[in-house]
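Notes follow once the structure below has been shown.
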Amino acid sequence: MYFLLNDIILEIEPSRMMQPLDAERFTALSIEYIAQLGKEMFAEDAFAHRQNPERARRLAYLIHLKMPRVNAAQFFVTAANGNPGNVDASFKSLNEMAMGMMFDQQKRGQLDAQKVDHAVWHRMAA
């Protein structure tokens, strides 16, 4: 499965991800809590998805487990001061075919942040 995190497409294999989550512990996690984990991660490093792709995959996996229809998340740092309160989070559900096309572009080195923003997030255009 593909998951767009900010401006990169991650290939996620649930069977190869972390240890199986204890159902009771996972149920206790809210999407707000998982989003806060992402905000903290990106407050530490705005390029965490590139610097630590395995950690990014785990975050994407948690988001997807909690919201199965979601396959895209953006954590946008509004002020680079290490404060998670200065990170906006948004989630989307994208067409699988579009995700596959973006993944192919990424493999060819033709996908960049500007293309992803224009097609998905619309932040730079605003």
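Packing-based ranking of 111-119, 4-12 yields 4-12, 111-119, ordered from highest to lowest mean Cβ neighbour count within 10 Å. Of the options [x] 19, 17, 14; [y] 27, 15, 12; [z] 22, 19, 13, only one is semi-axes √(5λ) of the Cα gyration tensor in Å as computed from these coordinates, and that is [z]. About its Cα centre, the chain has a charge dipole of approximately 160 debye under the convention of +1 per Lys or Arg Cβ and -1 per Asp or Glu Cβ, with nothing else charged. Going from the fewest other Cβ atoms within 10 Å to the most, the residues Lys92, Lys66 appear in the order Lys92, Lys66. Since only Met41, His64, Val87 are under comparison, the one whose Cα sits farthest along the positive direction of the charge dipole of the chain, derived from C-beta charges on Lys, Arg, Asp and Glu, is His64. Using a simple spin-label model with pseudo-atoms 7 Å out from Cα toward Cβ, Asn86 and Lys107 lie 3.9 nm apart.
Its DSSP H runs of at least 4 residues, each contributing -39,500 (n - 2.57), put the calculated 222 nm mean residue ellipticity of the chain at -12000 deg cm²/dmol, to the nearest 500.
Other residues with beta-carbon under 9 Å from the beta-carbon of Met1 carry, at +1 per Lys or Arg and -1 per Asp or Glu, a net charge of -3. Quick check: Cα centre of region 86-118 to Cα centre of region 51-75, how many Å? What the calculation gives is 13 Å, centre to centre.
Values in this text are rule-based calculations from the coordinates and carry no lab data. All of these numbers come straight from a predicted model, not from anything done at the bench. Don't worry about glycine lacking a Cβ; one is built from the backbone with ideal geometry, like all the others, and counts go over all protein chains shown.
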